[in-house]
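First the structure, in the form of structure tokens, and then the observations on it.
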Amino acid sequence: MSVAPGSQQSQEDARRAERKGLLYVAVAVVFFSASPVLIRWAAETLTSYEIAFGRMLTAGIAVMGLALVRRERLPRRGDRALFAAIGLIAAGHFGLYIASLSYTSIAHSLALVYTAPIFVAIFSWLFLKEGMSRRKWLGTLVAVVGVAILAGFEPEFNRRMFWGDLLALGSAICFGLYSVADGASATATASLPTPVRSTPWLHCGCCRRLRST
């Protein structure tokens, strides 16, 4: 049975896009895995607020520059307060995550921050009225049990690590709120290109908040 040339070309394009996507994921994992180590190094001379400010300011400038070069349409003036509010939530996520690394281990911090999908599912259920299937509830339970086991097997768990773990958990909660808020605002800004809709104004709001703290 022969395959139409157009169909074969589309399959090749799909495989090429998938390989490119996997490459991007691999590069992102390398950069992200280096993040907590670099944060620990920077924390010797900078506060967590300064690190978060620099991190988000750099990303905001880079993405805003790209948007201007590509002449993307920017948000309307009336939408900027919304993006600033979402940015403050994202600032909380990064600030709490970076602060947690000064109190607890990298493994503990990342394990707790990675519980963010739990809060995304719960907040989507609460605020967006999205359904919570039995599999989602089961996954949430497994994640909670896993975090409890992680804390229980820590041989040097003390009050300082406890506060660090709370900061990391707060970071995960902020990420869940950010994801839900961004999803709720997507309909109002759906016509905007994705980088413009979600990043530059978000970072501007975060940086302004962190600078005033």
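The values are calculated or read from the model by the stated rules, or taken from the named source; none is laboratory data. Note that this is a predicted model, so its numbers are computed, not measured. We place every Cβ from the backbone using ideal geometry, glycine too, and count neighbours over all the protein chains shown. The area values use the complete protein model at the heavy-atom level, side chains included, leaving out ligands, DNA and RNA. Shrake-Rupley method; radii C 1.70, N 1.55, O 1.52, S 1.80 Å.
Averaged per residue, what accessible area in Å² does the stretch 52-167 show with a 1.4 Å probe, protein chains only? Each step should come with its number before you reach the end.
On the way: 7100 Å² over 116 residues.
Using a 1.4 Å probe on heavy atoms only, each residue of the stretch 52-167 averages 61 Å².
Leaving ligands, DNA and RNA out of it, report the carbon-plus-sulfur percent of the accessible area of the stretch 1-121 at a 1.4 Å probe.
Numbers: 5190 of 7650 Å².
Exposed carbon and sulfur together represent 68 percent of the surface.
Between Arg135 and Thr47, how many nm apart are label points set 7 Å from Cα along the C-beta direction?
Result: 4.6 nm between the two label points.
Nearest 0.05, what FRET efficiency do Ile61 and Leu38 give at R0 = 25 Å with Cβ-Cβ as r?
The formula returns an efficiency of 0.85 here.
Using mean Cβ contacts within 10 Å as the protection proxy, how do 84-91, 135-142 order, highest first? Write out the running numbers ahead of the final one.
Details: 84-91: 20.9, 135-142: 12.6.
The densest-packed peptide leads the list: 84-91, 135-142.
Run the quick spin-label model on Leu22 and Arg70: label points 7 Å from Cα toward the beta carbon, then report their separation in nm to one decimal.
2.5 nm
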